[in-house]
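Student: Once you've had a glance at the structure underneath, I'll fire off some questions.
Every number in this text was worked out from the coordinates using simple rules, so none of it is lab data. Worth saying up front: this structure is predicted, and the values here are computed from it rather than measured. Here the Cβ is made from the backbone with ideal geometry for all residues, glycine too, and neighbour counts use every protein chain on show.
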Amino acid sequence: MKYLKISLLLAFLIVSCKTVQDTTQVVKTPTDKVIKNTKDIQGGMWIPSLLEGMNETEMQQLGSKMTAEDIYSVNKSSLKDAVVHFNGGCTSEVISPSGLLLTNHHCGYGAIQSHSSVEHDYLKDGFWAMNKSEELPNPGMTVTFIKRIDDVTKEVFAGVTDAMDEVSKMKIIQKNISKITKTAQKEDWQNAFVKSFYKGNQYLLFITEVFKDIRLVGAPPSSIGKFGADTDNWMWPRHTGDFSMFRIYADANNKPAEYSKDNVPYTPKHYLPISLDGVKEGDFTLVFGFPGRTNEYLPSVAVNQIVNVLNPAKIEIRDNALKIVDGFMRKDEAIKIKYASKYASIANYWKKWIGEDQGIKKSKGIEKKQALEKEFAKEVEAKDLVGYKSLLPEFEQLYKEIEKVALARDYWIEVAYRNVELLNSTFRAFQLEQAYNRGGAPAFERARKNLLESFKGKYKNYSADVDRPVFEKLVGLYAKNVPSQYVPENMKQNDMNTLATAIYATTKFTSFEGAKELLTGTPEEVIKNLNEDSAYVFGIELHTLFYNTIEPTYQQINLKIAAVQKKYMKALMEVFPNKRFFPDANGTLRVTYGQVKGYEPRDAVYYEPVSHLKGVMEKYVPGDYEFDVSQKLQNLYKSKDFGPYGENGKMPVDFLGTNHTTGGNSGSPAIDAEGNLIGLNFDRVWEGTMSDYNYDADICRNIMVDIRYVLFIIDKYAGATNLIDEMTLVHPKK
Ligand code: ARG
Ligand code: GLU
């Protein structure tokens, strides 16, 4: 979910850090041949335009009846025409000829919240537009279609020679990319961008269409859409109906347009028919979406650093923040409301990292990488591939070199940027000062306007009483655990309580009015105000150290790592020509396929792949904020009023598959062997969250809502039959 947020904000200050390039040929991988053990052909996030000759046979072996062209075609309508990048961070799919969109509840959460008030609490009660005039516009929301994907590797490398140093190579590559983007063949209303794959060994051009009039159509109450909340997050058995619905509006010519009441529902090139036949263990599943980031080809030293140094540090920080926030939420209803969403978002990755560490240890992920490296070194030696001999020792050396600064960087992100809200405010104000230094008064005005707007939202949900103990604890951890060259002088003290008390008693950053007061006046006056504020004075030492030392040091080493990683990627593919290599996720459209399958989380325990409404009732805790169940749902359950959506008197809710997914795949369609919608991806199981580094078909599972549960809630629970009528429901198995 929204994996991009931090990186986008940081991009502003980070020195450009693109992967160092080389003059490589277009990547060729893997061998698309019949393999006995289907376990070996699962995992991977594949490029939809390159399935033919790469994945078609594998997919058919797993049960698919589709051709590569059914999935991606430029000339005919294909599945890809029904899959969109939803607001930059999630995935969504078109499910009707009138541009109806389905995505997760947690992806629509912000929009649903923004339309809610005490009188109409759509988060609590749900929202259903009973006709198109009731659909609600969402300024700023976008969805992006991929019209075409072209391989432009040769053009990107044109003029680059091996003799050049990395900086010169980079310059030419950047120039080529900008030329390719500018001259790309496309219509006026379309966009173009180039992205790097296989660590900079391949480049693809994307032609897209971005729609900007997206309206909220429906959402179940949180007691369904977020059932189980944090306790069940990343867990199986799961019983969440994690969905919400939107609609794309276009101008009279069916083209993208800014919001207008005259816009009309978009007519898609393709929309997904919906299967009412359900799933059973072993069925083929394809998940089509926009996975954000994976790192599957790291050397063992890097994974070791993540598991044993970086993750434990981040977990400890969040552990402490969560405990403090939870303490306040439990005793104060108003604070509970203010912090619910923040708490969920801190808890989300906290829990994921814990699962990741356990999973890598349990599946011997590091040992497996070491074994691969041993084999790699042996082959390189045997084939005398001189240029590759130094790669592993270089990794060893560079990861040693980066460890301290990487730890400091993670501490800064977690403490100063993410979890101590006061320090975040001072950082944002610091950026304002930077904007002035760089761009003068006009830049300052723009930045101030944005900052005030964002502070307005931030302080609505802020409590200095909660934040002060978080500051005390987390700043204390920073001072204690970060290598001393990355700790500012004003943090080198033991009495964090006195420090926190003094700062919070005097700073104006503890309320919106105070912050606004600081930001009022000419740029010079604002900067003077800021530099007299106790929190600002404290914060900028830390932020300056980050800007001037931590980040540049980190990026400098990281640039070297990226150069080695690029070569290593290419070397792996050459040395092991028969292994499957997919490009790491990078926020572009990907296909992943597998089967409906349960798993064995530990000895003697087997998890079935399908959950039912019965399980919702088993988990029911009256009045609980995570496990309450509405009377209406209980009644439907008791009367077994499941309509055409139940199966043998039971109502399926969620199911598991072996599809290789990550953050960003939320809301992705789960598609059957024939191209019909059977579910909606929304999570992974805890034991398998390590799949971002190390996919293992034995234990990695994605979690999907059964589409029949979605339809049951729309139809039987909400009575929004107007929406059902728009869809095409099919029975492919009958
Ligand atoms: N774990 C899922 C994801 O990474 C769902 C997160 C939303 N739910 C929550 N309880 N925080 O986005
Ligand atoms: N909930 C995640 C998302 O929003 C998907 C789960 C995952 O990371 O696999 O993208």
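Student: Under a Cβ-Cβ cut-off of 13 Å, what is the net charge of the residues other than residue 466 that fall near it, where Lys and Arg count +1 and Asp and Glu count -1?
Tutor: So the environment of residue 466 carries a net charge of +2.
Student: Based on the mean of other Cβ atoms within 10 Å per residue, sort peptides 710-718, 491-499 so the most packed one is first.
Tutor: Highest to lowest by the protection proxy: 710-718, 491-499.
Student: Listed here are the pairs 323/480; 342/516; 76/716; 449/492; 175/570; which of them are more than 27 Å apart at the Cα?
Tutor: Distance filter (> 27 Å) returns 76/716; 449/492.
Student: Rounded to whole Å, give me the distance from the Cα center of segment 479-529 to that of segment 86-115.
Tutor: Computed from Cα coordinates, the inter-centre distance equals 39 Å.
Student: If r is the Cβ-Cβ distance from residue 725 to residue 489 and R0 is 51 Å, what FRET efficiency results, to the nearest 0.05?
Tutor: Efficiency for this residue pair is about 0.15.
Student: Net charge near residue 186: determine it from the other residues with C-beta under 15 Å of the C-beta of residue 186, scoring Lys and Arg +1 and Asp and Glu -1.
Tutor: Neighbour charge sum, excluding residue 186 itself: +1.
Student: By its C-alpha gyration tensor, with a ≥ b ≥ c as the square roots of the eigenvalues, how is segment 493-557 shaped: rounded for a/c under 1.5, else prolate for a/b larger than b/c, else oblate?
Tutor: oblate
Student: Mind checking which lysines have their Cα closer than 18 Å to the Cα of residue 182? Skip sequence neighbours fewer than 8 apart in that chain.
Tutor: Result set, ordered by chain and number: 147, 154, 171, 195.
Student: Under 8 Å for C-alpha pairs, at least 6 residues apart: give me the relative contact order for segment 466-597, rounded to a whole percent.
Tutor: RCO, segment 466-597: 18 percent.
Student: Would you mind getting the Kirkwood hydrodynamic radius of segment 252-292 from its Cα pairs, rounded to one decimal in Å?
Tutor: About 14.6 Å, per the Kirkwood formula over Cα pairs.
Student: Determine the relative contact order of the chain: mean sequence separation of Cα pairs under 8 Å and six or more apart, normalised by residue count, in whole percent.
Tutor: Once divided by the residue count of the chain, the mean separation gives 24 percent.
Student: Give me the dipole magnitude in Debye, nearest 20, for segment 577-656 about the Cα centre, with unit charges on the beta carbon: positive for Lys and Arg, negative for Asp and Glu.
Tutor: Roughly 320 debye, rounded to the nearest 20.
Student: What number, in percent, do you get for the relative contact order of segment 416-500 if the mean sequence gap of Cα pairs under 8 Å and at least 6 apart is divided by its residue count?
Tutor: Rounded, it is 26 percent for segment 416-500.
Student: Local charge sum around residue 97 (other residues, Cβ-Cβ under 15 Å, Lys/Arg +1, Asp/Glu -1)?
Tutor: Local net charge: -1.
Student: Ranking 363, 630 by Cβ neighbours within 10 Å, fewest first, what do you get?
Tutor: The order, fewest Cβ neighbours first, is 630, 363.
Student: What GluC sites (Glu not before Pro) in segment 526-587 are in a loop by DSSP, with at most 12 other Cβ atoms within 10 Å of the Cβ?
Tutor: 532
Student: Here is a follow-up. Of the beta bridges DSSP finds with both residues in the chain, what % are antiparallel, to the nearest 5?
Tutor: In the chain, approximately 95 percent of DSSP beta bridges are antiparallel ones.
Student: Less than 18 Å apart at the alpha-carbon level, and either on another chain or at least 8 residues along: which aspartates and glutamates does that give for residue 331?
Tutor: Correct list for residue 331: 465, 467, 624, 626.
Student: I need the per residue convex hull volume for the chain, using only the alpha carbons, in cubic angstrom as a whole number.
Tutor: Value for the chain: 170 Å³ per residue.
Student: Run the helix sum for the chain: -39,500 (n - 2.57) per DSSP H stretch of 4+ residues, divided by residue count, reported at 222 nm to the nearest 500 deg cm²/dmol.
Tutor: So the helix-based figure for the chain works out to -13000 deg cm²/dmol.
Student: Would you mind ranking 189, 412, 686 so that the residue whose beta carbon has the fewest other beta carbons within 10 Å leads the list?
Tutor: Fewest-to-most ranking of 189, 412, 686: 189, 686, 412.
Student: Let me ask something else. Which of the trypsin sites (Lys or Arg not before Pro) across segment 508-603 are loop residues per DSSP, with 15 or fewer other Cβ within 10 Å?
Tutor: 579
Student: Also: Please work out the Cα center distance from segment 309-382 to segment 238-289, rounded to the nearest Å.
Tutor: 32
Student: So what's the gap between the Cα centers of segment 675-692 and segment 606-622, to the nearest angstrom?
Tutor: Measuring centre to centre over Cα atoms gives 18 Å.
Student: In nm, give the distance between the simple-model label positions of residue 76 and residue 396, each being 7 Å from the Cα along the Cα-to-Cβ direction.
Tutor: Distance between the two pseudo-spin positions: 5.4 nm.
Student: Still on this structure, I have one more. Using unit Cβ charges (K, R positive; D, E negative) and no other charged atoms, how large, in debye to the nearest 20, is the dipole of segment 645-730 about its Cα centre?
Tutor: The dipole of segment 645-730 has a size of about 180 debye.
Student: Cα to Cα, under 16 Å, and not fewer than 8 places away if on the same chain: which lysines meet these conditions relative to residue 733?
Tutor: 65, 280
Student: Within segment 606-663, report the trypsin sites (Lys or Arg not before Pro) that DSSP leaves as loop and that have at most 13 other Cβ atoms within 10 Å.
Tutor: Passing sites in segment 606-663 are 640.
Student: Another question, then. Treat every Asp and Glu Cβ in the chain as -1 and every Lys and Arg Cβ as +1, leave all other atoms uncharged, and give the resulting dipole magnitude about the Cα centre to the nearest 20 debye.
Tutor: In debye, rounded to 20, the chain gives about 580.
Student: Order by neighbour count: 296, 445, fewest other Cβ atoms within 10 Å first, most last.
Tutor: 445, 296
Student: Ok, one more. Would you mind getting me the FRET efficiency between residue 631 and residue 334? Use the beta-carbon distance for r and R0 = 25 Å, nearest 0.05.
Tutor: 0.40
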